[in-house]
Amino acid sequence: MIRPLRRLHERLHRFMAVPALLLFAFFFVVPLVRGVAISLTDWTGLTPSYHYVGLRNFIDFFQDRRALHALQVTLVFGLISPALLCVAGLLYALLLDNRLMGRGFVRTFVYMPAIISPLIMGYVWLLLLNSENGALPQLLHLLHLDSWYRDWLGSPRDALWVIIIVNLWQFVGYAMIIFLAGLQGIPAEVTEAARIDGAGYWQTVCRVTIPLLVPAIRINVVTNLIGSLAVFDVIAALTDGGPGYATESMSLYIMRASFNGHTGYATAVAVLMFVVILIPVSVALRLMKKADGDS
Amino acid sequence: MSRKWLSLACAAVLSAGLLAGCGGNKEDQDSPSAASLSASPSDSAAASSASGGGSQKPVKLSLLNGTVEAVDWLNDQIKAFSERNPGITVEQEFQKTASDVLKVKIASGDTPDIVALAQVPQEFYDQDLFHDFSGDSAIWDRLTDPSIMRTVADTKRPEKHFYLPMTVSYTGLYYDKSVIAELGIQRPDTWEQFVAALQTVKQKKPEMTPLYLGGKDSWTLGQLVQYLPLGSIQQALGVEEANKALIANDASKLELDKAGGRIETFAKAIMDLQRNGWINKNGSSASYDNQLDAIANGKAAFVIQGMWALADILKKNPNADVGFWPIPGLMPGDKPYMIGSPDGSVSVSEKSPNKEAALKFVEFLMSPDVQKSYSKLRNAPSVFKDASADWSILSGDIADDLKTAFVASRWPWTPSGYNSDAIGRTVQELLVGAYRTPAEFAKAFKDNWDKGYTSAAQ
Amino acid sequence: MRKTPLYVLMAAIALVSLVPFYILLFTAMSPPSVSLADSGLLLRHVEWGNLGSAWRHSHMGRAMANSLAIMAGSVGISVVVSAGAGYVFARVGTWYNRLLFSLLLFSMMIPGIINTVPLYGLMKSIGGINSLGAMMLLLATGFIPQSVFLYTNFIRTLPRELEESAVIDGCTLFGAFWRISFPLLAPITSTLIILNAVNAWNNYAQSVFFLQSQDRQTVPIAIGRFVQTYGADYTQMAAAALIGMLPAVLVYFVFQRFFVKGLSAGAVKG
């Protein structure tokens, strides 16, 4: 090869991050900066005119009852879901970690709901829960358990729980797989040693297994926190934020504000949503760092 | 798997991606709109003269359509048009939420050449983004009723007309003919009579729902507000005056939160319906689809909807025996109410460099045969004299209703930040007991209503 | 510990996970007038016609071709650029590299909604509207943070000597990475393929804005046509969803063998 080209080829490895960073800068950072700029204006999104209003949008958020309610919905869903996902995922993983025949198939099936788009999953559950001709009311009827039936999607309090359950249903496989990966990394000798020392099954799990799973827990908690706090599709499909505004999350609130003539304000709320995601994730990471340090 | 093969494959994918990205550029060359939204009038004049020779070189028009039922029909018309006008192709973009997509596009300087069957926010008409059809007497002379031209005039500047209508849509009270006949119920003109009818149904046919609400789709509830309390304002002030008052948010005329006023009466009516079991218990979680199913299959006696629902009702039950009455008036003294409003709008972008071609396509769309087929498609009568077709099995019912009802030629206007979807959500809250008294509902309604006005609109 | 209750549990969770698929199957295969309630939950009348009409009305063939291209392109691009970046972040521990790495991770927490409107203007200015290539680049960008994270972590577990000994044999570090280390990253690559391919396939929020013309639309948009404001046709939607799901399911089945291994290697080992 020609001298200069050869030299370039030798140094090429230093630039291997450049394509990724270029894409990231162009398609993410640039719009983000402009987005943050919009959040400081009163732009309606409908006319080209706008005025700089500083932090006015942010202040308005905290004075709007509906906005604060959206924050509450986001926090309830966004904190409960990851917790449930981790617990269920761990239990599933512990189950499938045993030498059982066919566990490969089961593992495959349990993850499959995660392949469906959350929007479609929402519609599937509509078909299940529809008070007129849904599968669940019909099932309860067949089992003579009609009294158990309630119009969950029509009740402000129950509707959010339905969404939590649907989300759990869909993504428990993902949490499970991460825990399975973590469990595989724990040498069998370690757990056996604990058993030999007389520890029961659940004791072993709590004292030995879980501390060794902290990296897996960290991934699950962070990923599910981010995903659950930013949830949109499944709520839009199941309840559209209803009844009324009972299940309106921040993401839904932002979408609506953005297209109803308050684009500047909506972008500011999106910046706030970033903070809402940042805080729990940072807290969780810090707590787990301590746990990692202790063990 | 050899490593070389893997890296070659990756490189191929990468370059394919980049090349395909380059290919995208060509598509857009033919129909960019002027990037500046605040171009002066001289710009648009220049644009129209520049496209004077537009029929010579190949032209690509972009058409944004917001109505799924019309997608195939539009594709058919596009094909027919292109056969007669080689050199002009029209590319249809269907969007479920066409209104929202339109906002994003225009905010980025990307106005579609033609916008059909979707709501264009008033703010865009105010910015003169769309062509004024006022001088197009060839079209206006063909209207069945000259007053239609007044109805489609721009709300802020009535001398301008930014869209062309195609059909008239009606809204009313569907009823199950056999059950109503059996129970000997007469057409209810007032709300009291309506309530009495519901009571009769509940007593004599307990397994039927007297009035079925599809509240999960909040717009169905929002429309109730437009028909009943807002429609009542139209009856009191006259359609044009009411429109002006709504746009200006003239509190003295609208009296939205007046004690015992229209909104309160509406809330009370709904609460009564709910308390007495005259509406379905799952009113806030039943969908529009459930609602149509209920009236089609004899599960409900009454349903308040528009004529657009007829096609789906018949799809669910081809033998559905339904009739169509006007909606009972809410306030004492109100006549039964119907909306008979020009619908199916088509607008053309004012600043498009292909405006002439776009107008040619619109002219084709408005031609009698095309309009006839559209009228049949949407089960709605055409606005054009020469396009009458047999548009619905209920056309007889409607002819009768038109004689007795107050027919609003316009939908009651709602602020862009509190449209019928959003209004419907407030009614959903009412249905799940968020408001203890009708007065509370009225207050919340007024607050939301006021907040819905953007500074741009005022 | 007796195994029977475990088998029962296993069967239970497998069935529970398959319920949504059964619902879709049932709805897709039944005539529109038959609901789950009517036929006692069991698939009695099989209606094959729905699949055909859903295919035609949603132009599913074209949509699948578009989705396939975007999926392959975005996953391919993100794998290549992320592996490259992962190498740099894992091997070259300068302060700015560490900062960039943290920034990438940080960016995963930023809601995408902030970007939507400015992104539209940006895409338009590069002629990216209706461009499959631009979509590939855009989606690939979305996959980069997580992919870089996994690659960096895993490459750190590979000894430097691997590449360095190849240099002694006459390679450049660049060549060494791609020829020797990258193939060893197969478990991570498989994992990322599964995660990102599914995301690319199901992408709706960006596709609906940027892929406007009818012949550029992707599978989720095609399915979405059946669920409208004015009435939903669930039978057609379910049929379209079932068909539309197949390629994603296929990718999953092909690569899932490495799924657990990949996550274990790249993420879960501290």
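Brief remarks follow.
- Qualifying residue in the range A:128-145 (condition: within 14 Å of chain B (Cβ to nearest Cβ), under 19 Å from A:Ala114 (Cβ atoms) and either assigned to a loop (DSSP other than H, G, I, E, B) or at pLDDT 85 or above (or both)): yes
- Of all residues in the range C:56-76, those that are assigned to a helix (DSSP H, G or I) and among the hydroxyl-bearing types (Ser, Thr, Tyr) total 2.
- Of B:Asp390, B:Asp386, all but one fail to be acidic (Asp, Glu), out of contact with any Gly (no Cβ under 8 Å at 6 or more places or on another chain) and either without any contact (Cβ under 8 Å) to a residue 12 or more places away in the chain or part of a loop (DSSP other than H, G, I, E, B) (or both); the exception is B:Asp390.
- Residues of the range A:162-201 that turn out to be in contact (Cβ under 8 Å) with a residue 24 or more places away in the chain, away from chain B (no Cβ under 14 Å) and under 30 Å from A:Leu238 (Cβ atoms), as a count: 16
- Subset of the range A:169-193 (residues that are surrounded by fewer than 18 Cβ atoms within 10 Å (Cβ to Cβ), in a helix (DSSP H, G or I) and among the aliphatic types (A, V, I, L, M)): A:Ala188, A:Val190, A:Ala193
- Residue match in the range A:149-161 (condition: free of Cβ contacts under 8 Å to residues at least 40 places away in the same chain, surrounded by fewer than 24 Cβ atoms within 10 Å (Cβ to Cβ), in contact with a Ser or Thr (Cβ under 6 Å, 6 or more places away or on another chain) and at negative phi): yes
- Qualifying positions in the range C:239-265 - small (Gly, Ala, Ser), under 22 Å from A:Leu127 (Cα atoms) and facing another protein chain (nearest Cβ under 8 Å): C:Ala241
- The range A:81-109 - residue that is in contact (Cβ under 8 Å) with a residue 12 or more places away in the chain and of a type in the set (D, E, K, R) and, of those, farthest from the other protein chains (Cβ to nearest Cβ): A:Asp97
- Those helices (runs of 4 or more DSSP H) of the range B:53-139 in which 1 or more residues are among the small types (Gly, Ala, Ser) occupy B:71-84, B:98-107.
- Pair list, Cβ < 7 Å and 6+ apart or interchain, from the range A:206-233 residues that are within 18 Å of C:Leu105 (Cβ to Cβ) to residues that are surrounded by fewer than 19 Cβ atoms within 10 Å (Cβ to Cβ) and among the acidic types (Asp, Glu): A:Val214/A:Asp292
- Taking each residue of the range C:195-215 that is over 21 Å from C:Leu263 (Cα atoms) and looking for partners that are in a loop (DSSP other than H, G, I, E, B) and of a type in the set (Lys, Arg) with beta-carbon atoms closer than 9 Å, six or more apart or interchain, yields C:Val208/B:Lys96.
Yes/no matrix, rows are residues, columns are (1) facing another protein chain (nearest Cβ under 7 Å); (2) out of contact with any Pro (no Cβ under 8 Å at 6 or more places or on another chain); (3) in a helix (DSSP H, G or I); (4) of a type in the set (Lys, Arg):
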site	(1), (2), (3), (4)
A:Leu5	no, yes, yes, no
A:His9	yes, yes, yes, no
A:Phe26	no, yes, yes, no
A:Leu46	yes, no, no, no
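- Residue within the range C:206-217 that is part of a helix (DSSP H, G or I), away from chain B (no Cβ under 14 Å) and small (Gly, Ala, Ser) present: no
- Complete set of residues in the range B:163-222 that are within 17 Å of the chain's Cα centre (by Cα) and among the polar types (S, T, N, Q): B:Thr167, B:Ser169, B:Thr171, B:Ser218, B:Thr220
- Matching residues, the range B:228-263, being part of a loop (DSSP other than H, G, I, E, B), under 23 Å from the mean Cα position of the chain (by Cα) and in contact (Cβ under 8 Å) with a residue 60 or more places away in the chain: B:Leu228, B:Asn249
- Test: residue in the range B:117-130 that is of a type outside the set (Ser, Thr, Tyr), surrounded by fewer than 16 Cβ atoms within 10 Å (Cβ to Cβ) and at pLDDT below 90: yes
- The residue that is modelled with the highest pLDDT, among those in the range B:264-300 that are assigned to a helix (DSSP H, G or I) and aromatic (Phe, Trp, Tyr), is B:Phe266.
- Looking only at residues in the range C:85-108 that are under 25 Å from the mean Cα position of the chain (by Cα) and surrounded by fewer than 21 Cβ atoms within 10 Å (Cβ to Cβ), the one that is farthest from the other protein chains (Cβ to nearest Cβ) is C:Ser102.
- Filtered residues of the range B:414-441 (kept if buried (at least 19 other Cβ atoms within 10 Å of the Cβ), in a helix (DSSP H, G or I) and over 25 Å from the mean Cα position of the chain (by Cα)): B:Pro438, B:Phe441
- Residue check for A:Trp202: loosely packed, with under 14 Cβ neighbours inside 10 Å and either assigned to a helix (DSSP H, G or I) or at pLDDT 90 or above (or both): yes
- C:Arg160 meets the conditions (1) surrounded by fewer than 18 Cβ atoms within 10 Å (Cβ to Cβ); (2) closer than 15 Å to C:Ile70 by Cα; (3) of a type in the set (Lys, Arg) in every case but one. The failed one is (2).
To keep it simple, each residue is scored yes or no on (1) in a helix (DSSP H, G or I); (2) within 13 Å of chain B (Cβ to nearest Cβ); (3) free of Cβ contacts under 8 Å to residues at least 60 places away in the same chain; (4) touching a Ser or Thr at 6+ places or on another chain (Cβ under 6 Å).
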{"residue": "C:Leu122", "(1), (2), (3), (4)": "yes, yes, yes, no"}
{"residue": "C:Leu139", "(1), (2), (3), (4)": "yes, yes, no, yes"}
{"residue": "C:Arg156", "(1), (2), (3), (4)": "yes, no, no, no"}
{"residue": "C:Pro159", "(1), (2), (3), (4)": "no, no, yes, no"}
{"residue": "C:Glu164", "(1), (2), (3), (4)": "yes, no, yes, no"}
{"residue": "C:Cys171", "(1), (2), (3), (4)": "no, yes, yes, no"}
{"residue": "C:Trp178", "(1), (2), (3), (4)": "yes, yes, yes, yes"}
{"residue": "C:Pro183", "(1), (2), (3), (4)": "yes, yes, yes, no"}
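- For B:Phe194, the criteria (1) in a helix (DSSP H, G or I); (2) touching a Gly at 6+ places or on another chain (Cβ under 6 Å) hold in every case but one, which is (2).
- Answer residue from the range A:154-176, given it is in contact with a Lys or Arg (Cβ under 9 Å, 6 or more places away or on another chain) and at pLDDT 90 or above and is nearest to A:Leu91 (Cα to Cα) among those: A:Met176
- Flag for C:Pro20 being farther than 18 Å from A:Leu95 by Cβ, modelled with pLDDT under 85 and in contact with a helix residue (DSSP H, G or I) (Cβ under 6 Å, 6 or more places away or on another chain): no
- Here B:Asp312 meets the list (1) without any contact (Cβ under 8 Å) to a residue 60 or more places away in the chain; (2) assigned to a loop (DSSP other than H, G, I, E, B); (3) facing another protein chain (nearest Cβ under 8 Å) almost entirely, failing just condition (2).
- Taking the conditions (1) aliphatic (A, V, I, L, M); (2) within 14 Å of chain B (Cβ to nearest Cβ); (3) in a helix (DSSP H, G or I); (4) in contact (Cβ under 8 Å) with a residue 60 or more places away in the chain in turn, A:Leu285 satisfies each one other than (2).
The values are calculated or read from the model by the stated rules, or taken from the named source; none is laboratory data. Values in this document were obtained by computation on a predicted structure and should not be read as measured data. Here Cβ is always computed from backbone atoms with ideal geometry, including for glycine, and neighbour counts include all displayed protein chains.
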